[in-house]
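Take a look at the structure set out below.
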């Protein structure tokens with residue numbers, strides 16, 4: 001197992017190198033001259049040429065790439081053209097918001113998805129099964145940003161139950177410990193902040209969760225249906241065990257293994273979906289910052305956030321793979 | 001003699017009944033949801049083709065005095081901030097969504113099929129290089145990668161097609177490679193090689209026709225992904241640019257009027273959801289009809 005873990009971690013290196021190379025090349029080959037962009041419209045050609053020299057933009061591409069890479073390894077992602085702040089600082093200041101949103105979404109998706117899937121399987125062809133599968137179909141077909149907008153119209157504008165946007169009411173931010181508001185407010189027993197944070201996160205997290213929730217519900221339903229027909233379930237029933245014990249102790253436990261992989265894979269999907277959800281709800285995470293950066297041609301920021309998000313995505317997928325191998329002994333470490 | 005003739009006719013009828021295409025159609029037409037979706041999509045295609053004749057108003061030039069009207073008898077789905085008829089814009093939007101969806105999948109599928117079959121057929125170093133590259137592309141969340149390409153290529157509908165086809169291509173390459181691997185050792189492929197066919201001929205004539213089923217299914221489902229991603233790019237302001245009518249772009253600009261005119265965001269979203277759902281259901285139906293073993 002340890003060998004396998006080490007091997008998998010070492011295999012990350014070429015992938016991460018590939019990601020950096022890819023992003024660097026794509027942005028450098030095709031974007032407009034960053035020197036011209038930094039100096040604005042009124043700069044003379046001489047000024048632009050001087051800045052190009054200063055920034056090293058006249059060096060061969062591979063020299064530029066290695067300089068970029070060595071900066072990257074030292075944690076220097078460059079400076080944002082918009083705010084002049086170091087890109088990495090901006091990413092770190094916004095990352096907790098994205099993590100909090102993604103975690104809340106995966107939590108909702110897993111709880112609701114598994115419950116709906118189990119009940120649908122146990123009561124196959126019932127009215128509940130019928131409606132929940134329609135719901136699942138809607139979940140994979142609806143654009144999440146539209147679902148978000150519809151929720152805002154209903155819960156914020158018509159019913160006035162939930163706030164339209166943001167992460168917490170102004171001035172309510174809890175003491176900074178982890179950067180996750182819900183966690184921090186629980187740790188500091190700041191119940192007012194907790195309430196505000198929960199009210200703010202519920203809509204974006206549910207919207208973001210919708211797609212994954214549908215996938216998890218479908219997956220749970222089909223694996224449960226498969227497991228229920230197995231011999232050991234019949235044996236458990238024949239022993240005279242109660243139906244709930246059979247369902248939850250015998251069937252669900254075995255059905256959950258593939259479901260857990262799906263949940264893990266959804267974690268990555270959520271990182272991508274966060275771009276849309278954060279934009280809809282003005283959630284101050286990396287996703288919304290990335291969109292702003294693109295619209296403003298702030299390419300160091302674009303480059304940094306894309307590399308950062310892709311790295312997180314790759315690492316999360318690796319952790320899921322390893323967890324899966326650990327959970328299911330049938331998996332070969334090859 | 002007459003008996004024999006009758007028997008022959010019967011066998012012929014049975015043969016015809018069991019021809020693969022008929023069998024496929026028989027299975028597909030039993031699936032009500034898939035058929036409803038097919039009819040819906042054919043209808044939508046007609047609407048898109050004849051948009052200028054069907055749409056009641058000009059989708060680009062509105063009437064300012066009639067801006068932000070709620071749905072009424074004159075404008076069935078209301079008007080937007082520039083007084084443009086929303087129904088007309090949705091009708092014209094079908095053109096963009098269908099075109100982008102079909103085109104992006106066609107490009108991704110063709111490139112993915114070529115790369116996947118080369119990787120699967122030749123194996124070895126070529127396979128390793130191609131698939132490593134695909135793995136790197138798959139290590140980005142696809143929407144994020146599409147956004148990155150839009151940042152580089154610039155906004156607009158053509159670039160959206162390019163971005164979406166690039167980011168979805170690796171998945172097709174993977175499926176094709178897997179299928180090619182599974183059939184390339186079959187006897188008919190070896191026979192084709194033995195009689196001296198060129199590699200390209202073997203791949204296109206003997207291998208690909210036998211691995212089409214999963215590709216067609218994936219392609220149909222892929223159209224819904226492509227439409228969703230086009231809408232997402234449009235919504236973020238990176239895809240189709242105003243004043244062109246595209247469903248996602250309409251949602252993006254309607255977002256600013258949630259308070260006083262929420263109807264701006266109702267209908268484009270419904271249009272996207274129904275279209276994507278139809279492609280999903282049709283894809284599921286095709287999967288069941290083409291390969292009964294895959295039925296869920």
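The values are calculated or read from the model by the stated rules, or taken from the named source; none is laboratory data. Bear in mind the structure is a predicted one, so any value in this text is a computation, not a measurement. Backbone-built Cβ (ideal geometry, glycine too); neighbour counts: all protein chains shown.
Points to keep in mind about this one:
- Qualifying position, being surrounded by 15 or more Cβ atoms within 10 Å (Cβ to Cβ) and at pLDDT 80 or above, among A:100, A:46: A:100
- Filter result for residue B:167 (on the phi < 0 side of the Ramachandran plot and crowded, with 22+ Cβ neighbours inside 10 Å): yes
- Among the candidates B:110, B:117, B:182, residue that is closer than 21 Å to residue B:214 by Cα, without any contact (Cβ under 8 Å) to a residue 24 or more places away in the chain and away from chain A (no Cβ under 14 Å): B:110
- In this structure, residue A:132 qualifies as more than 14 Å from every other protein chain (Cβ to nearest Cβ) and part of a helix (DSSP H, G or I).
- Residue check, residue A:120 within 14 Å of chain B (Cβ to nearest Cβ) and over 30 Å from residue B:230 (Cβ atoms): yes
- Check on residue A:264, facing another protein chain (nearest Cβ under 10 Å), within 30 Å of residue A:203 (Cα to Cα) and at pLDDT below 85: no
- Matching residues, the stretch A:141-185, being facing chain B (nearest Cβ under 9 Å) and surrounded by 19 or more Cβ atoms within 10 Å (Cβ to Cβ): A:141, A:142, A:143, A:144, A:145, A:146, A:147, A:149, A:152
- Criterion: within 23 Å of the chain's Cα centre (by Cα) and under 25 Å from residue A:306 (Cα atoms) - qualifying residue of A:72, A:137: A:72
- Which listed residue, of B:55, B:106, is over 17 Å from residue B:251 (Cα atoms) and more than 16 Å from the chain's Cα centre (by Cα): B:55
- Listed here are the helices (runs of 4 or more DSSP H) enclosed by the stretch B:141-221 that have at least 3 residues being out of contact with any strand residue (DSSP E or B) (no Cβ under 6 Å at 6 or more places or on another chain) and under 23 Å from residue B:279 (Cβ atoms): B:142-153, B:157-183.
- Residue in the stretch A:76-84 that is in contact with a strand residue (DSSP E or B) (Cβ under 9 Å, 6 or more places away or on another chain), away from chain B (no Cβ under 14 Å), surrounded by 14 or more Cβ atoms within 10 Å (Cβ to Cβ) and closer than 26 Å to residue A:267 by Cβ present: yes
- From A:194, A:208, A:199, residue being at pLDDT 90 or above, part of a helix (DSSP H, G or I) and surrounded by fewer than 17 Cβ atoms within 10 Å (Cβ to Cβ): A:199
- Matching option when the condition is farther than 30 Å from residue B:38 by Cα and at pLDDT below 90, among B:115, B:76, B:145: B:145
- One residue from B:249, B:275, B:230 being assigned to a helix (DSSP H, G or I), more than 8 Å from every other protein chain (Cβ to nearest Cβ), out of contact with any strand residue (DSSP E or B) (no Cβ under 6 Å at 6 or more places or on another chain) and modelled with pLDDT of 95 or more: B:275
- For the condition away from chain A (no Cβ under 14 Å), part of a helix (DSSP H, G or I) and surrounded by fewer than 20 Cβ atoms within 10 Å (Cβ to Cβ), residue B:35 qualifies.
- All of A:16, A:39, A:69 fail the test of being within 14 Å of chain B (Cβ to nearest Cβ), touching a helix residue (DSSP H, G or I) at 6+ places or on another chain (Cβ under 8 Å) and surrounded by 12 or more Cβ atoms within 10 Å (Cβ to Cβ), apart from A:16.
- Only listed residue being surrounded by fewer than 19 Cβ atoms within 10 Å (Cβ to Cβ), without any contact (Cβ under 8 Å) to a residue 60 or more places away in the chain and within 9 Å of another protein chain (Cβ to nearest Cβ), chosen from B:204, B:259: B:259
- Residues in the stretch A:84-117 that are over 20 Å from residue A:278 (Cα atoms) and in contact with a helix residue (DSSP H, G or I) (Cβ under 8 Å, 6 or more places away or on another chain): A:110, A:112, A:113, A:114, A:116, A:117.
- Test: residue in the stretch B:139-158 that is more than 10 Å from chain A (Cβ to nearest Cβ), under 16 Å from residue B:230 (Cβ atoms) and without any contact (Cβ under 8 Å) to a residue 60 or more places away in the chain: yes
- Any hit, the stretch B:171-178, residues being within 14 Å of chain A (Cβ to nearest Cβ), touching a residue at least 12 places away in the same chain (Cβ under 8 Å) and either buried (at least 19 other Cβ atoms within 10 Å of the Cβ) or closer than 24 Å to residue A:295 by Cβ (or both): yes
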